[in-house]
């Protein structure tokens, strides 16, 4: 029974990994027009490089990821600054109002709060 459970677990892991590899390959195709076969190979190579990087220690990998996230944050802030938005309206958008929970505007018949809850639910279920 233990071997059967182990095999089923391995199959489940492979199924979720395949979905992530295909998702990353589709993202590379959409962003850079890399053919899907090459994008899958790049994604697999990326995973292998990350596995090799575990030899340097997980703390260093975490530091690299944090540095990359900070670069994304800085570029985002720079892009927002370049677009010269109305800062009052931008900051006001972070404060929930009655419109946040209203049924209009609707996206496919759902209120904005329902869409947000759906996104959060999809992300939580993916983990």
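Couple of notes before you dig in:
- Qualifying positions in the stretch 15-28 - over 16 Å from residue 45 (Cβ atoms) and modelled with pLDDT of 90 or more: 26
- Residue satisfying all of: in the stretch 91-110; surrounded by 10 or more Cβ atoms within 10 Å (Cβ to Cβ) and modelled with pLDDT under 75; nearest to the chain's Cα centre (by Cα) among these: 107
- In the condition set (1) within 21 Å of residue 123 (Cβ to Cβ); (2) not in a helix (DSSP H, G or I), residue 34 is compliant with all but (1).
- A single entry from 70, 45, 53 fulfils the requirement of being part of a helix (DSSP H, G or I) and surrounded by 12 or more Cβ atoms within 10 Å (Cβ to Cβ): 53.
The values are calculated or read from the model by the stated rules, or taken from the named source; none is laboratory data. This one's a predicted model, so the numbers in the text were calculated from it and none came from an experiment. Neighbour counts run over all protein chains shown; Cβ positions are idealised from the backbone, glycine included.
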